Structure formats: structure tokens, C-alpha cells
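The values are calculated or read from the model by the stated rules, or taken from the named source; none is laboratory data. All values reported here derive from a predicted model rather than from experimental measurement. Glycine gets a Cβ as well: all are built from the backbone with ideal geometry, and neighbour counts include every protein chain shown. SASA here: full protein model, heavy atoms, side chains in, ligands and nucleic acids out. Shrake-Rupley method; radii C 1.70, N 1.55, O 1.52, S 1.80 Å.
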There are 4 protein chains.
Amino acid sequence: MIHFGNDYNETAHPAVLAALAAPGSHAGYGLDEHSARAASLIRNACAAPAADVHFMVGGTQVNTTAIASLLRPWQGVISADTGHINTHETGSVEHAGHKILTLPSALGKITAAQVAALVEEYRGSGVLEHAVEPAMVYISQPTEYGTVYSRSELAALRSVCDEFGLTLFVDGARLGYGLAASDVTLPDLARLADVFTIGGTKCGAAFGEAIVFATPHPYFRNAMKQNSGLLAKGWLLGAQFEALFTDSLYEAITAHANEQAQRIAAAFASVGIRLLFDSPTNQQFALLTPEQEAALSEDYVCQFFEEHDGLRAVRFCTSWSTRDEDVDALCASIAQL
Amino acid sequence: MIHFGNDYNETAHPAVLAALAAPGSHAGYGLDEHSARAASLIRNACAAPAADVHFMVGGTQVNTTAIASLLRPWQGVISADTGHINTHETGSVEHAGHKILTLPSALGKITAAQVAALVEEYRGSGVLEHAVEPAMVYISQPTEYGTVYSRSELAALRSVCDEFGLTLFVDGARLGYGLAASDVTLPDLARLADVFTIGGTKCGAAFGEAIVFATPHPYFRNAMKQNSGLLAKGWLLGAQFEALFTDSLYEAITAHANEQAQRIAAAFASVGIRLLFDSPTNQQFALLTPEQEAALSEDYVCQFFEEHDGLRAVRFCTSWSTRDEDVDALCASIAQL
Amino acid sequence: MIHFGNDYNETAHPAVLAALAAPGSHAGYGLDEHSARAASLIRNACAAPAADVHFMVGGTQVNTTAIASLLRPWQGVISADTGHINTHETGSVEHAGHKILTLPSALGKITAAQVAALVEEYRGSGVLEHAVEPAMVYISQPTEYGTVYSRSELAALRSVCDEFGLTLFVDGARLGYGLAASDVTLPDLARLADVFTIGGTKCGAAFGEAIVFATPHPYFRNAMKQNSGLLAKGWLLGAQFEALFTDSLYEAITAHANEQAQRIAAAFASVGIRLLFDSPTNQQFALLTPEQEAALSEDYVCQFFEEHDGLRAVRFCTSWSTRDEDVDALCASIAQL
Amino acid sequence: MIHFGNDYNETAHPAVLAALAAPGSHAGYGLDEHSARAASLIRNACAAPAADVHFMVGGTQVNTTAIASLLRPWQGVISADTGHINTHETGSVEHAGHKILTLPSALGKITAAQVAALVEEYRGSGVLEHAVEPAMVYISQPTEYGTVYSRSELAALRSVCDEFGLTLFVDGARLGYGLAASDVTLPDLARLADVFTIGGTKCGAAFGEAIVFATPHPYFRNAMKQNSGLLAKGWLLGAQFEALFTDSLYEAITAHANEQAQRIAAAFASVGIRLLFDSPTNQQFALLTPEQEAALSEDYVCQFFEEHDGLRAVRFCTSWSTRDEDVDALCASIAQL
């Protein structure tokens, strides 16, 4: 079987693996030289010399820890109803005490106008203390659908956050693919978001997410430890991000995965199979008949997403580990559907 | 000004006040003879000799304490998006760690079919541990819109709860008005719900909600105390419910308030003013022009609810304290609009 | 039976009861004229015109809501191991997510030196983010033992709080008795504490605690509502405190209770029965033989506290409702032991 | 510098590293063949075919997730005051809502008699719902001091847990060293504890802790995900434990570290330097003069623990990565003190 089921089914890019396996003795809990160098490389890549950079193991962990450490108990976070924190994190944000204030999304995205309307409705209600105060906006770049926010859309969200005093949090669990497929750069993120993550797990690392605060969060290490997110051998995170941010490896492997995904998209188009929507990133959702899905599933791992117009939207996902010959094979199989 | 703004703007029915003011020395924390007698009166009224009855001060308190004490951390509660716990309790349920799984409501109500569909979607998702497990259904009787569930609707919800192993919780903050306006009786509630509340604050008491568990909750007093809900002078709650459940006072005052509300509804109808919907309980939502609203607001306290078709839906609310002459005056004013 | 078991076994002082029963229509949720007047009377009594005053129903509620609304998640509160929040509130503070950092107490009291040592040990540990940051000091005035802090002891605690950036919280569940028995006044508290409570439930009210913030807490009403502590008919709290702070009623009834308690103490002394310690407030702990305890328990409700040197420390508690003739009777019975 | 500062300063034993780096495509979230095999190896080693085995990244994570998933909100966990959950996890257990009920410890250990006394005091208090219910016992094997419970001590704790209906949780963050230094075996733990952990991070793994429930916990994966503890590439945990539990590697490396530690202890003894106590495991606490500490600190990383009798207790810690020649060097240096 050739794997297009997700982007976290192999361990790590060889350069990352090599960094993980390097010998040596280190200070624990992220106070090591690898973590320091990785943070420095990320600050450079973000053109944000004052940014505060930390490393955690997983996405749910970094999302929940950051959100809960920035909100007061009576505050909530605005999110697309399709946002990962709302659908696939077992209620971690609520478990930490905070309501998610959902907005209906278009292909995973929400707009500045939607955010403004929600806050205005809250403020106009006249019963401020009886409802959860909207205090943060959570978006994913790219979204759970593989779509991306443009720089102007992000700037509009920044603007509405400034207007209403909201914190802007960008979940970059798959950020690499989004950087390669949109006009939003790391410096844009560091400038427009209050805090964002740079996903490793789905972008070539074995595990690990970097989190970047535009201005220092003096107690984030306390929050990390309390939320079980201060890895004892923190250099394992630092070393991986050091590898990913050396010689533009992060950019290179995610851009390559996007290209592979576009080849798959083109293969579907060439035989008249529609995609659920036009995705510029590493996730493609093809609208297949049950027979077509069955045929491809004989040789390829792919993932059913949802029913759509009587067809089955099936996700094909590429990553750093997707080989050219695997895509060649898939495209050939598609051509025979 | 004559008050139709809400049903909690005067202290308490005289019989309740007299009970509150009775002299005497008592055991604390609800272990007194008034609380015992009130619980017994409620068990009788519910035809539920094995029911477990407790008394707490407020609605948010009793809702949150009961919900959080019955759920495990990874479980959530299904509610109408208009449910009081979802809109007007400052995220207390999430503050206690639990996600509210919302369903779109029709005039405040949800259906057994909606509940079944939500649970089936969760169970069919194949990623059970990545999402919040639906474990409880929360409904309000009457709803926040003044509408009521019928006995057959309630039985259908019971049925779906049995099928899927869910707990059925009925928020009866205004239960008196609902009992008087629907075919659902206290014995029906005790038989069909796992737990329900009997609202005092909005139904003639100065404060206080009774909570009835169909089967005993052995640790509910622990949960009450931990959630700041074990009143030191608990006899103040017991004495009020003793008064309300003596000589059918609770029934009488809420039925009378419903009748007053129907007189108001008829007055609007007689001058061609539509109501937002047909409400059988003590809340009536009239669709007024801004001029009509302004005219009535000169002499009467009423509450703007929402814009609707270019008109303003304005709530007129009756209670035990609504006097006949006040309704007469309002009806006369309506006739002159 | 004559009741000396506790100070919350009768409903309320007649003036408070009359205020509770007054007719009238009011705005809800504490936005009424009684609450406003009560707050104003308290600010005057505290000589603190800028203080922020709110009213809640119970002691556990006001303690937990205030503590949790002032701490960040990784912060804890320093308390005597005998502190009410540590022993008799079912872990409400921990339920709200915060560790209580306990200090061994002497008759319910902790010292500035103990606080300083705890914070210095934390700061000197070198692993700040691995432990809970001490951020608040909680004391009770009077303590759970009926002892009191002097003004100079309170000033020393203020000093150490200033030095280390800690918040000073004073739990005044029985504050009236403490004011009458110590040199600490309400203006002292408003000047030296960041936040303190003025207990009603145990000092003449039917229920209710006032909370006074030296500087406004802009979101405390949000925290109150989220913690089920925003009473719908908030005027019931306002009216009681209005009565208590009119014509020095609060002072008068608690001072009188202290005097009654001193008569009881003298009666024990006159027959050679030792008290557990010298208490200036309304709680006296007599060291009785089992036979003496049994003899007094025939006619008087009193409360066993703890074994001590082979004797039984038994609490005799007075309150606003303790009548002269009851104390006369008790003293006569003591004289015959 | 030669490192004796802790047992987690190098990445992992070569066999574990090799397992981490193995190529291949896997199912995510612990549903892979490595995790299945590792769980099977552990069940075999525990002689517990029905045990439920899961893998998480870190110790705070596994402790908090297990404790909070087994307790109800009003319940607390009994622990030595020196327990890791009480001192070095930033209040994670309280953050999850539960009080830690501390007992004074002797060299990190608590006794069955202490536990019984605590529960009996709670049950005898007569105010059960006003205090936190003791529901679980937490111990560390070996303790934070490197001491161990014997099988009979563990059986006594089991006995008291059975008598009072408590859950027995054993934190085995350094379990390997404890197994090699006590008469408690893995089958003993599986038989006597309700749940225990097998530490990887400090015993040769790069990261990871196994958790073993004597009887299945049907929702533990939900709790893991909600607590950010379901690793996306779960095979990285499975593969490491597979390596550790193949050919008794776990036993071998921890036993060897204990032997190295005994050589260090003997070296101190031979020059008349006392140890803080007699530790059979990989942690030795030498009582040094400041001069001696300074001398050794020139070439060796070691860790100051606490002042003791005017001397400095300094920890020397061995691990799988401690080489014979490093211990030789240290012993030679000690001989010259």
C-alpha cells in the first residue's frame, strides 16, 4: 500500500532524524543550546528579534496551553465551527475552562466581518457579565480544509482584533504547506498575529510544534509545565527545529509536498473528476464514486472525508515522505479510472 | 411604572415571605426539618417516593453543579443553541470543563431526531476519542422562548436517551408556568427525566431551585458544597418550597400568571398586533413598531428581545406579583395603540 | 434546648428581616438601589471612597470566586493549614484550579515571617516553573479559632505582600466579632488588604457576604455570574447590608455577642475550667471532662471541637440571637459543674 | 565535565535510538503494531494478561491524566508531602481540579497506618461533604529520595486501600531502578496497584512513560487526547518500549546504573563522607562541606539538594549513559577529598 492517508505516517525527514540521534549531554527542560539556536533561527526567519519562542510536543497541547494561558476565566475564543480546537481536540479548550464561540466557516475560513459582528452583538447585548466575553480569535493557516488565508485577509483580522482588543492566534499545525501556497510569510505572521505556531509533526519533524509570541509571555514556561508540556529532554525539540530551519529545509519539503499534491489534482482533473474545492496545499479532496474510491483503495491509503452531492469526498494527502514514484503510480491509477 | 419586564422583580409571594420570616433555631446546611418536609412534599407531588431532592439558591448554580457532577471530564451535554446554559450563564458549564454540543432550535426546542443524529454522527466518526462524547441532553421546560415540550415530545427524548445511554436533564427555572401550560406533569417529569429542577426564583420564591434526581445521587451534597451551593441556613430554602408545595400554591400562582399573559396576548390580537409566536406561558413577545414600543414604555416596563421583520419583538412577562388591575391597565393601553 | 452550637442557627436580626420583607419592584442582578446604598454605606464605613463593593450569598462562594478571579492558572494561595478554604470548603479552590500552599498555624494565625520564608524558598529553588508560584496570602479575621490579628500583625503581612508582589485577601466571614475584639478597623482593612469580605451570614444577616476590593476589579461581575454568584434578586443582599450598616447595627450586634461570650468565659474560669486559649471573640473553647460535657449537653447545644490533654475542647458560640437569659442560664449551669 | 547531575541528560540507549529511527509507515495515535507489541511485552513482564497498557510522553502528563480520569470532582489524592505531584509538577493535579491530601513522609515514603488514620479522621469528622473525600493513594517507587517500598509495605498499602475503597497509584518514573533495588517485581505491582507507570524518560528511553491499569479503563484514550497526551506518531513510544522490554534491556540498564551508584556510595564511605541516607538506587546524596562540593564541581556535574546539619547534601545520579570510566574518575576524585 502506498500512503496518502495523512501527513504524519512516517517518522521524520532524514536530517531531522539525524539531529534527534546526535550524541551528547544536555541541560533539561528546553534550557539547552539546541533549543536556543532553534529559537534564534526562527526569530531570524520571522524577522522578529523580540519574539518569544518555545517548543512543545503536540498540537492540542500547544493550542490549549497558549489559549488558556492568555485568557481570563470568563473569556472565550472565537473559532470557525470547523476549527481543530472545536472538532478534534476532545474539548481540551473547554476542559481548560473556556467556551469556544463558533462562527460558520466557508471552507474552513472566517472573516473579519464575522468577528466584528459577533463582538458587536455581545457588546450590544447589555448583559455583558451574563455571557462569555469574546477575547481571542483562533484561525488555522492552512485551514483544516487545506485552504489558506491571504495576507489581506489576515491583515483584516488583525485590524478587527485591534479595534476590539482581541488576541489573534494562528494555529500553524501545517504551516509549512500554507507558507508555500499563500502570500503570507513568517514575517507577516509575526507582524499580524499575537501568537502563532509552526507545526513540525505534519511537516517533517518526528514531533514538535514551535510557538511564537510577538511579545514575550513571561509565564509561558509555567503554563507549559502545568499543562504537561515541558519536555524533560527538550533538546529533542530544539534539535529538530534547528534542522528544519537550517538551509530552508522546512520550506523545501513543504513546497515539494504541495507540488506533489498539485500533480494529483491535475491527474483527477484530466479524467474529469472534480475536487471538492481548489486547494493550493498538500490536501486534495477528490469527489469519487464508490467504485472509484474502491478501486483506488486497493493500492493507496486515502481517507474518506464526507458525502457530497451523492459522491464521496476522499482526501489524498502528501508530505515530506511522499516519493515521486508514489505520485507517478497514483496518477497512473487515476488515469485508468 | 408597572412592571412586565420579567418574573423576578418582586421579592416573594406573601406565604413564602411569611415562611422565610418564621422564628426558630435550626440545623444548618439543609439538614433541617423544613428542608426534609419540602423534599417530602415534592416527592409526593412527583409520585416519586425514591427521588432524591435537594435545594440550591440559583439556576446557574443548580444547572452547573448537576451537569458537572454527572459527566466525566471527556463528556459533553447536548443543548439547544438557545439554551440558557449556552447563552446566559457566562460559560459556567465550560468553566466546569465540559463542552456544550449545540443543536439548532425551533422556538427553543430540540427534537429526539436531532439528538439521535448528533450521537450517530459522533459514533460513526471513527475517531471517538478525538471528540467530546455526547452523554447528556439538556432541555428547558418551558423554554427560554416560553414554549413547552409536550408529554409525547418528552417521551421521545427519553426514548432516544435510553437508546444511546444519555442522561436527560430538564431545566425547570420556570417550571410552574410550563406545568400549567402543557400536558407534562411533575410525575411525568420524575418518570421521564433523570434529573430536573423546579424553579422557585421566577415562580413566587425569593430565591431557590429544587433539584429532583429520579435515582439518588450519593455525592450530590459534596458537589453542592464544592460548587458553593450548600446554603448555611438551608432552612430558608426548605421553608420556601414547603410553602410553595402546600395547598398547591406553586400551581395556583403560575397558572394565574399564565392567564394574565393570555389576556395580554388577546389584547394585542384584538388590535391586530402579531405575537412572535403562540406562547402558552407567562412570556408574550409582541411585534411592535418603534412608536408602539415607545408608547407602551412610558408606563410599562417591558423588554426588547430582538428585531424581527423590521419590527421589534418586545417581551411582556407576568408573574405571581402581576395584579389584575395592572393587566387591565396594560390591555387598555394596548387598545389605544 | 438553648443553642450555643454556632452563630448561624437563627434566620436574621429583626431589622434585617424587615428589610428582606419590604415590598417593591427592583432591577435584578445587584443593579438595584438597595445594593447601591449598601455599597455606599460600606465605602463610608471603610473610609474608602474608591473601593469596589459586591454582594454574594455565601462564604465559600465569595472566597473561591475572588481567589480564582485574581490568580493566573499557575499561581497559588498561601494559607494557614487551618484556613477555612483548606479544611471546610470541599476543595473549592483546587476545583477552581489553584493549589493552596499551607503554612503551619498558631491558633489559626500565620506570620509575615512565615510568608516571606515560603516565597524566598520558592524563589531560591531555581525551578520556578516546576512549582506553583505563591501569589496571594489568605488569612481569616477572626480566625477559625476565634483569635484575631492585631493591626501591627496585619501591617507586617501587608509589608511582606508589598515586598514580594503578593495579593492580601482577608476572609471576614465573622468579621464583626473581629472588629469588636481587635484594634483592626474597617478603614485599616481597606488600607492594608487588597480585598476582604464582610460576613453577613454569621453576623446577623439571613445570608450574604460583602466583598470589598481596594481598587476596582473590572470583571468581578463576570466572575460572579460564571461562579453562580450573581443573585437574581440581588436587592435581597443589598437590603440586608443596608440594614446592617445603618445606625451601626453590625457593630452593635457583634460587640454584644462578644460580651456574652466573655460572660461565658468568666463563668468557666470561676469554677476553674480552663479554656483552650484566650479568645476575645464570640467563640469560646472550654476544656471539659466527658462528664461535664454530658451535663451541659442536656440543656445546651454546643459543639465538640477536638481532644486536648485528655479533655474535650467544646465550643460555645454566641451571636446576635443569643439572649441574656440564655447566657444567664448557661452560666448558672456552669457554676454547678 | 562529566555528568552525574541527573538521569535524563542524554538522549537514549542505542537500541532505543535505533528503534526510533526505523523507517516505515504507521497508523497514528498509538494504533500501530509497535505500540501493540510493546503493550503485549509489558503485559507478559507483568504476568497480567488482562492489563490495559497505554503510552504517553511525560511523567507529569501521565500522572495528571490518570489521577484526574479516575477521581470524581470532589475527591482528592493522598500523597507524601515530598511526592512529585505535590512539589514539582506546577500544581497540575490541582489545575485538573483535585486537592492533594499530604502526609508527612519519612525519606519519601508513607505508611499504610498513616493512610488509614487520614481516612478515619475524614470519616469521623461528621462533615463529609464539607471536606475533600480521600479516594486515591499516590506513591512513587522508587521515591523522590531514591528509597524503595518493600513488597510487604506495598501489600500493606494495598490492604488499607481495599479496606477503605481507595485506588492505589504508583508513580514509576524511575521504576527500573526500583525494580533492581527492591523485592517488588512487575507482577507484584500489577497485582497490588490499581495503576502504575513504567518510566522511560529516566530509564533509557528518549521520552515516554507506559501506564498499566490492572483492569481496563474504557475511556483512557479519551482522557489522553483531552489532556494533550495522545501522540500523533504514537509508534515512537511503542517502538521505544518494545526495545526496552526486549531481552530484558530495561532491567539490565537500570541494574547497571544502580551498581555504578553503589560504587560512588562506597567511595564516599571509604573517605568518611556520610550519605544523607542509605539509598539502594541510582541517586546518592553525599553530605559535603562547601569545599568538597566546590572541588568535585570542577569536573563533575552534580546537584545541590538541601542543607543538612551545616553540610550540603549533593546528589550524584547515574543512568544508562553513565560509563565505567566516568565512575572510576569520580571515585578517584572522591578519594582525594
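Brief remarks on what is shown
- Here residue A:27 clears all of (1) among the aliphatic types (A, V, I, L, M); (2) over 30 Å from residue D:326 (Cβ atoms); (3) facing chain D (nearest Cβ under 9 Å) except the condition numbered (2).
- Each residue in segment D:110-132 was checked for being open to solvent by less than 40 Å² (accessible area, probe 1.4 Å), out of contact with any Gly (no Cβ under 6 Å at 6 or more places or on another chain) and facing chain C (nearest Cβ under 9 Å), and 3 pass.
- Residue C:143 being among the hydroxyl-bearing types (Ser, Thr, Tyr) and buried (at least 18 other Cβ atoms within 10 Å of the Cβ): yes
- Which listed residue, of C:185, C:201, is within 22 Å of residue C:160 (Cα to Cα) and either surrounded by fewer than 24 Cβ atoms within 10 Å (Cβ to Cβ) or not charged (D, E, K, R) (or both): C:185
- Residue in segment C:56-109 that is nearest to the other protein chains (Cβ to nearest Cβ), counting only those that are out of contact with any helix residue (DSSP H, G or I) (no Cβ under 8 Å at 6 or more places or on another chain), aliphatic (A, V, I, L, M) and more than 30 Å from residue C:28 (Cα to Cα): C:106
- Per the conditions (1) open to solvent by 10 Å² or more (accessible area, probe 1.4 Å); (2) within 30 Å of residue D:230 (Cβ to Cβ), the sole criterion not satisfied by residue B:158 is (2).
- Breaking point among (1) without any contact (Cβ under 8 Å) to a residue 60 or more places away in the chain; (2) open to solvent by less than 40 Å² (accessible area, probe 1.4 Å), for residue D:55: (1)
- Output for segment A:193-230, where each listed residue is aromatic (Phe, Trp, Tyr) and farther than 26 Å from residue C:76 by Cα: A:196, A:207
- Single residue of B:223, B:239, B:257 found to be in contact with a helix residue (DSSP H, G or I) (Cβ under 7 Å, 6 or more places away or on another chain), away from every other protein chain (no Cβ under 14 Å), buried (at least 24 other Cβ atoms within 10 Å of the Cβ) and in a helix (DSSP H, G or I): B:257
- The set of residues in segment D:260-284 that are at pLDDT below 95 and open to solvent by 60 Å² or more (accessible area, probe 1.4 Å) contains only D:278.
- Verdict on residue B:104 being under 22 Å from residue A:125 (Cβ atoms), open to solvent by 10 Å² or more (accessible area, probe 1.4 Å) and not polar (S, T, N, Q): yes
- Test result for residue A:231, in the same structural domain as residue A:183 (by TED's automatic domain parsing) and hydrophobic (A, V, I, L, M, F, W, C): yes
- Annotation note: of B:38, B:45, B:50, the sole residue that is under 14 Å from residue B:216 (Cα atoms) and touching a residue at least 60 places away in the same chain (Cβ under 8 Å) is B:50.
- Qualifying position, being surrounded by fewer than 24 Cβ atoms within 10 Å (Cβ to Cβ) and away from every other protein chain (no Cβ under 12 Å), among D:17, D:41: D:41
- Note on segment D:288-327: residues that are open to solvent by 10 Å² or more (accessible area, probe 1.4 Å) and of a type in the set (A, V, I, L, M, F, W, C) total 8.
- Residue within segment B:244-253 that is more than 14 Å from every other protein chain (Cβ to nearest Cβ), open to solvent by 30 Å² or more (accessible area, probe 1.4 Å) and of a type in the set (S, T, N, Q) present: yes
- Taken as a whole, the structure leaves residue C:197 outside the set of residues that are among the polar types (S, T, N, Q), at pLDDT below 95 and in the same structural domain as residue C:67 (by TED's automatic domain parsing).
- Evaluated against (1) modelled with pLDDT under 95; (2) within 14 Å of chain C (Cβ to nearest Cβ), residue A:145 falls short on exactly one condition, (2).
- Residue selected from segment D:65-88 under the condition open to solvent by 10 Å² or more (accessible area, probe 1.4 Å) and of a type in the set (Ser, Thr, Tyr), by the criterion farthest from residue D:187 (Cα to Cα): D:87
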